[in-house]
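All remarks here apply to the structure that follows.
The values are calculated or read from the model by the stated rules, or taken from the named source; none is laboratory data. These figures come from a predicted structure and were not determined experimentally. Every residue, glycine among them, receives a Cβ derived from its backbone with ideal geometry; neighbour counts consider all protein chains shown.
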Amino acid sequence: MADLIVILDFLSRAMALILAIAAVLGFAFRKLVSGWIDARFKRQLDAELETLKHQLATSLEEKKAELTGKVASELENLKGRHAKDLERDKRTLDEQLRRDAALYDRQVGFYEAFDLEYGQVFAELWALQHGFTTKLNALDPALGPAARGEYVRRVHSKLIQAEKNVELQSAFIDVFLRQRIAKLFADLSKFIANGAKDEVVLGTLSHEKGMISAELRIMLLGRT
């Protein structure tokens, strides 16, 4: 009986030792396998990370090159469109300047036709008021009136020609000013038809002519 107990105790101790050794070996094996797995996974992960980093770097360079090309192409397109727009605007501006210059030239021509030619008519009408036919009357009472009548007819012919020259370029002048000139022409014609003798009326008409000339000058100065 005592031997059996000893044997059982020995077996129990042996089993405990075996279990302890097995536990230690199992733990060591698990650590070894776990370390091997971790190392293998880490190597694989590092390799995949390096591959991914390389792919990302390559993709980034390709995208940068693509974007750089697109930006350069867009800049060239913008430059081309900008140059075309500038050229179109320049042509439009040049055309507008030519039209404005042509209009200005016509308005200057109108001003010169009115101011100079109407001015000559008024100068001759004022000269008529100074009795230049008095000496002719002393020679022959009929000579003075005849000379005056001829002079007045000549002045009226100049007035008609002046109005024709003004009318040629009247399309480029303010309608209100043109109406005033037409009225001045009618009043002057009436004044001449009545003998061109009333200095008060002539003064009034001269003043109106001066006001129209001044407004035409203001119009021209406003365009310069």
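Filter the range 81-112 down to the residues that are aliphatic (A, V, I, L, M) and free of Cβ contacts under 8 Å to residues at least 60 places away in the same chain and list them by number.
Result: Ala83, Leu86, Leu93, Leu97, Ala101, Ala102.
For the list (1) modelled with pLDDT under 90; (2) closer than 19 Å to Leu202 by Cβ; (3) surrounded by 14 or more Cβ atoms within 10 Å (Cβ to Cβ); (4) not β-branched (Val, Ile, Thr), I need the number of the one condition that Glu167 fails.
(2)
Given the criterion at pLDDT below 75, assigned to a helix (DSSP H, G or I) and not hydrophobic (A, V, I, L, M, F, W, C), identify the matching residue among Lys53, Lys84.
Answer to the selection: Lys53.
Restricting attention to the range 70-105, report how many residues are within 30 Å of Met219 (Cα to Cα), more than 21 Å from the chain's Cα centre (by Cα) and of a type in the set (Gly, Ala, Ser).
1
Of these, Ala196, Ala162, which one is touching a residue at least 40 places away in the same chain (Cβ under 8 Å), buried (at least 16 other Cβ atoms within 10 Å of the Cβ), in contact with a helix residue (DSSP H, G or I) (Cβ under 7 Å, 6 or more places away or on another chain) and assigned to a loop (DSSP other than H, G, I, E, B)?
Residue meeting the stated conditions: Ala196.
Is one or more of the residues making up the range 204-220 under 17 Å from Gln129 (Cα atoms) and either touching a Ser or Thr at 6+ places or on another chain (Cβ under 6 Å) or in contact (Cβ under 8 Å) with a residue 40 or more places away in the chain (or both)?
Yes: one or more hits.
Checking the condition on the phi < 0 side of the Ramachandran plot, in contact with an Asp or Glu (Cβ under 8 Å, 6 or more places away or on another chain) and either surrounded by 15 or more Cβ atoms within 10 Å (Cβ to Cβ) or part of a helix (DSSP H, G or I) (or both), which residue from Leu202, Leu177, Leu188 passes?
Every option except Leu177 fails the conditions.
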